[in-house]
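**Q** Submitted below is the structure of interest, expressed as structure tokens.
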Amino acid sequence: MRLFLALEPPHKLRERLSELAELAQDRCGGRRMPDDSLHLTLAFLGEVAEEQGAALSAWVGERPIPTGEWRLDAWGTFRRPGIVWVGGRSPALERLHESLWAELSAFGFSGRAEHFVPHVTLLRRARQLETRSLPTIDLSWPWRRLSLVRSFTENDGARYETLARSPAA
Ligand code: 3AM
């Protein structure tokens, strides 16, 4: 199963991100992430055996994470897959990313990306990667729980299912 660790946005923020995705699509084209799939990836784990997936679910389910607040104040793009995102730098998220990967390494996982760019993907396969005409943003994402998410590939993209959430801190 293909798994990743993520933060899921609070309800009101998800609605706001959905509105931004609609605006961005008007300008940039491409495909919107479904509203219920909007997330911040902290660690992409790739293909994981069933047993290891169960161990990870138990680990996530028992382990509170330090809470924090992420300020999203920037639009960005990743050229190659045509991604348009919103995000912002966050030392607290970098620490969380770092500490998760330290523990994941102990589990035997590798594949940590060289640069962690905290972002929420809004569009894929955008035709236009120009975000200058999009509105200024300043959003707050208070986070409390980590999610272990399974990604299923379907004809029209990926579908996500949350397998476990950390206890509320
Ligand atoms: O959070 P976003 O949407 O940027 O692109 C995939 C998605 O990123 C990424 O992991 C997130 C959940 O699927 N992803 C998919 N395959 C990947 C890979 N081989 C990958 N990230 C790194 N390496």
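**Q** Could you list 117, 48, 86 in order of exposure, starting from the residue whose Cβ has the fewest other Cβ atoms within 10 Å?
**A** On the way: 117 11, 48 19, 86 23.
Final ranking by Cβ density, sparse to dense: 117, 48, 86.
**Q** Next up: Exposed loop GluC sites (Glu not before Pro) only (DSSP loop, at most 13 other Cβ atoms within 10 Å): please give the longest stretch of the chain free of them, not including the sites.
**A** Values: sites that count: 114, 130.
By the stated rule (loop sites, at most 13 other Cβ atoms within 10 Å), 1-113.
**Q** Expressed in nm to one decimal, what extension gain is obtained for the pair residue 107 and residue 62 from 0.36 nm per residue of sequence separation less their Cα-Cα distance? Please report the intermediate quantities before stating the final value.
**A** Numbers: separation 45, 0.36 × 45 = 16.20 nm, distance 1.54 nm.
Between residue 107 and residue 62, full extension yields 14.7 nm more.
**Q** I'd like the distance separating the alpha-carbon centroids of the range 1-58 and the range 128-149, in whole Å.
**A** Result: 11 Å between the Cα centres.
**Q** May I pose another question? Taking θ = phi - 60°, what integer Hz values does the Karplus form 6.51 cos²θ - 1.76 cosθ + 1.60 yield along the range 114-119, in sequence order, with x for Gly and Pro?
**A** Couplings: 5, 10, 8, 10, x, 7 Hz.
**Q** Treat each spin label as a single point 7 Å out from the Cα along the C-beta direction, and report the residue 168 to residue 134 distance in nm.
**A** Label at residue 168, label at residue 134, 3.1 nm between them.
**Q** Take every Cα pair under 8 Å in the chain that's 6+ residues apart, average their separations, divide by the length, and report that relative contact order as a whole percent. Display every interim value, and only then the final one.
**A** Working: 336 pairs, mean separation 62.3, N = 169.
With pairs under 8 Å counted, the relative contact order is 37 percent.
**Q** Let me ask you something else. Starting from one equal scatterer on each C-alpha and no solvent at all, send me the Debye-based log10 I(q)/I(0) for the range 42-95 at q = 0.12, 0.18, 0.29, 0.32 Å⁻¹, two decimals.
**A** Results for the range 42-95 at q = 0.12, 0.18, 0.29, 0.32 Å⁻¹ read -0.49, -0.88, -1.11, -1.22.
**Q** I want to verify a result. In a Gaussian network model of the chain, Cα cutoff 10 Å, which of these has the top mean-square fluctuation: 136, 67, 41?
**A** Looking only at 136, 67, 41, the largest GNM fluctuation is found for 136.
**Q** Between residue 2 and residue 125, what is the label-to-label distance in nm when each label sits 7 Å out along the Cα-to-Cβ direction?
**A** 1.4 nm
**Q** What FRET efficiency comes out for residue 49 versus residue 73 if R0 is 30 angstrom and r is the Cβ-Cβ distance? Round to the nearest 0.05.
**A** On the way: r = 39 Å, r/R0 = 1.32.
The calculated FRET efficiency here is 0.15.
**Q** So what is the 222 nm mean residue ellipticity for the chain from helices alone, if each DSSP H run of at least 4 adds -39500 (n - 2.57) and you divide by all residues, rounding to the nearest 500 deg cm²/dmol? Each step should come with its number before you reach the end.
**A** Numbers: 3 runs with 48 residues, N = 169.
Here the helix-only value at 222 nm equals -9500 deg cm²/dmol.
**Q** Then there's this: Amide H of residue 77 versus every other amide H placed in the peptide plane: which residues, excluding those fewer than 5 positions away on the same chain, fall under 5 Å?
**A** Amide H neighbours of residue 77, under 5 Å, 5+ apart: 85.
Throughout, read-outs are computed from the coordinates displayed, never taken from laboratory work. Treat the numbers as computed from the prediction; the structure is a model and nothing was measured. Glycine gets a Cβ as well: all are built from the backbone with ideal geometry, and neighbour counts include every protein chain shown.
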